[in-house]
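Colleague: Once you've had a glance at the structure underneath, I'll fire off some questions.
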Amino acid sequence: MLELFQAEMDTHIPVLNEGLLALEKGQAGAQEIEAMMRAAHSIKGAARIVGIEPAVRVSHVMEDCFTAAKNGQIALSSEAVDTLLEGVDALQRICSPASGDPLTESSLAGLIQALTTLKSGQIPVKTAHAPQENVEAVETRSLVAATVHRDEPSVTLPAVFDERTSESLRRELLDTLSLGPARIELDFGQVAELSACALALLVSFANEAAGVRLAPVIESRGLRPAVDCVLQTAGLGAILGRAKG
């Protein structure tokens with residue numbers, strides 16, 4: 001499984017590096033941004049399968065940045081590219097420890113903060129490797145107009161729900177919800193059956209989503225008939241939306 005994961009990394013990391021370097025030179029457009037978005041999405045799914053949670057968190061917020069750029073919600077300036085390149089470097093260090101010094105928890109937290117700031121339409125002035133105690137004090141400057149439209153993130157559910165993958169998914173769902181999107185898409189494409197653990201997690205997420213001030217619309221895609229039946233029986237069918245294919 002880890003060998004397959006490394007093969008995924010070897011396929012998608014060059015797409016990110018080459019796309020970002022082309023973007024920095026002004027030689028990239030919508031096609032390259034979409035390719036990077038898909039590469040980050042693929043890394044996220046592969047990392048979740050093998051349980052590498054830090055890679056899931058980094059690739060998830062990088063995917064959101066590319067999605068926002070694709071939708072015209074943010075502009076990827078040279079400073080933004082620098083932050084995203086730090087994300088690529090972090091993925092390599094997390095998934096291939098021999099490629100550099102291990103990534104500390106404080107550096108990971110700083111990077112996630114920087115990428116989240118970038119996704120919201122701003123860019124950190126300081127780098128993501130600033131000490132953790134300074135993260136909250138990082139100054140930002142706007143990349144876009146005052147009104148920033150919310151994007152519509154997609155969360156891919158794992159094929160197997162165990163303690164490790166469930167905790168990783170729980171954090172990703174809550175992180176996604178905290179961004180305040182108008183719509184959240186749940187991708188059930190890998191899910192063949194729902195365990196009690198999976199149902200409990202989805203019920204908890206549905207309750208959290210219903211409790212926010214501006215509750216997002218939740219849509220599900222890739223639902224297999226058996227999984228859809230379980231959701232309907234558990235009373236989650238209407239809450240999690242209808243299958244989109």
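Values quoted throughout were computed directly from the atomic coordinates according to the rules given, and no laboratory measurement underlies them. If you're wondering where the values come from, they're calculated on a predicted model, not measured in any experiment. Glycine also receives a Cβ, built like all others from the backbone with ideal geometry; neighbour counts cover every protein chain displayed.
Colleague: Ranked from highest to lowest mean number of other Cβ atoms within 10 Å per residue, what is the order of the peptides 47-58, 200-211?
Modeller: 47-58, 200-211
Colleague: Rounded to the nearest 0.05, what FRET efficiency do Glu79 and Ala215 give with R0 = 22 Å and r taken as the Cβ-Cβ distance? Could you check? The partial results should precede the final answer.
Modeller: Numbers: r = 34 Å, r/R0 = 1.55.
So, using R0 = 22 Å, E works out to roughly 0.05.
Colleague: Here is a further query. Could you work out how far the C-alpha centroid of the stretch 190-220 sits from that of the stretch 6-47, in angstrom?
Modeller: If you average the Cα positions of each part, the centres end up 29 Å apart.
Colleague: Please list, in chain and number order, the residues 5+ apart from Val155 or on another chain whose amide H is under 5 Å from its amide H, with Hs placed from the backbone.
Modeller: Placed amide hydrogens put Glu185, Leu186, Asp187 under 5 Å from Val155.
Colleague: Hey, another quick one. Exactly which trypsin sites (Lys or Arg not before Pro) in the stretch 195-245 are in a DSSP loop and have at most 13 other Cβ atoms within 10 Å?
Modeller: Passing sites in the stretch 195-245 are Arg213, Arg242, Lys244.
Colleague: Follow-up question, since we're still on this one. Using the Karplus curve 6.51 cos²θ - 1.76 cosθ + 1.60 with θ = phi - 60°, what ³J(HN,Hα) values do you get for each residue of the stretch 33-47, in whole Hz, with x for Gly and Pro?
Modeller: 5, 5, 4, 5, 4, 5, 5, 5, 5, 5, 5, 4, x, 5, 5
Colleague: Still on this structure, please answer the following. Summing +1 for each Lys or Arg and -1 for each Asp or Glu, what net charge is found among the other residues whose Cβ lies under 10 Å from the Cβ of Ser78? Intermediate values should be presented prior to the final figure.
Modeller: Values: positive: Lys25; negative: Glu24, Glu79, Asp82.
Summing Lys and Arg as +1 and Asp and Glu as -1 gives -2.
Colleague: Moving on. Can you order the peptides 70-79, 112-121, 154-163 by their average number of other Cβ atoms within 10 Å per residue, highest first?
Modeller: Ranking the peptides 70-79, 112-121, 154-163 by packing returns 112-121, 154-163, 70-79.
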